[in-house]
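Engineer: Could you have a look at this structure, given as structure tokens, before my questions?
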Amino acid sequence: MNETTPPRILAVDWGAKRIGLALSDPTRTIAGPLNVIEHSSRAADAAAIIRTAEEKGAGMILVGVTYDAENNLTPAGRSAARLVQAIREASALKVETWDEAHSTQAARRSRLEMGLPRNKRRGHFDPIAAVIFLQNYLDVNHEKR
């Protein structure tokens, strides 16, 4: 990270219906949930993500992708990769991908482990899933610094 790069990272958990967003703190140490964007079209989604990144001072966008057992992108992973391409074509922001394997399941499990009653466990897991893989990314890259 250089002096001119904004330090925050915006994480994107792409879904066919909703896109969860999470944001790192300025030190790139802690991830926190941000919000959900309702999916409309790849171009509109990319524009909303770029706008959010700019508004929140993010210097990088991290998009979660999934792989199968042979380490090939899954159908959802390929859709996320197409979103990455749309973001890159529309913005000069740095965009990276990260394996988000099992982040949605971990988000569901975390609500269960917190002891929340069933009616409070409902809702969108997308921002929590984005937090989980963003935190993983931050932890791995913090060790490299």
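Engineer: Would you please name the residue that is nearest to THR97 (Cα to Cα), looking only at residues in segment 21-75 that are touching a strand residue (DSSP E or B) at 6+ places or on another chain (Cβ under 9 Å) and of a type in the set (Lys, Arg)?
Structural biologist: My answer is ARG28.
Engineer: Further, regarding this structure: Residues ALA43, ALA47, ALA53: which one is modelled with pLDDT of 90 or more and farther than 16 Å from LEU21 by Cα?
Structural biologist: ALA43
Engineer: I would also like to ask the following. May I ask you to list the residues in segment 40-64 that are in contact with a Phe, Trp or Tyr (Cβ under 7 Å, 6 or more places away or on another chain) and under 12 Å from GLY15 (Cα atoms)?
Structural biologist: Of everything in segment 40-64, those that are in contact with a Phe, Trp or Tyr (Cβ under 7 Å, 6 or more places away or on another chain) and under 12 Å from GLY15 (Cα atoms) turn out to be VAL63, GLY64.
Engineer: Follow-up. Answer yes if at least one residue in segment 85-107 is under 12 Å from the mean Cα position of the chain (by Cα), surrounded by 19 or more Cβ atoms within 10 Å (Cβ to Cβ) and more than 14 Å from ALA130 (Cα to Cα), and no otherwise.
Structural biologist: Within segment 85-107, one or more residues are under 12 Å from the mean Cα position of the chain (by Cα), surrounded by 19 or more Cβ atoms within 10 Å (Cβ to Cβ) and more than 14 Å from ALA130 (Cα to Cα).
Engineer: Now, a different point. Under 9 Å between Cβ atoms, which residue pairs at least 6 apart in sequence (or on different chains) link something in segment 116-145 that is over 15 Å from LEU23 (Cα atoms) and in a helix (DSSP H, G or I) with a partner that is at pLDDT 65 or above and not hydrophobic (A, V, I, L, M, F, W, C)?
Structural biologist: Partner pairs satisfying both residue conditions: ASN141/ARG28; HIS142/ARG28; HIS142/THR29.
The values are calculated or read from the model by the stated rules, or taken from the named source; none is laboratory data. Since we're looking at a predicted model, the values are computed, not measured. Positions of Cβ are backbone-derived with ideal geometry, glycine not excepted, and every protein chain shown enters the neighbour counts.
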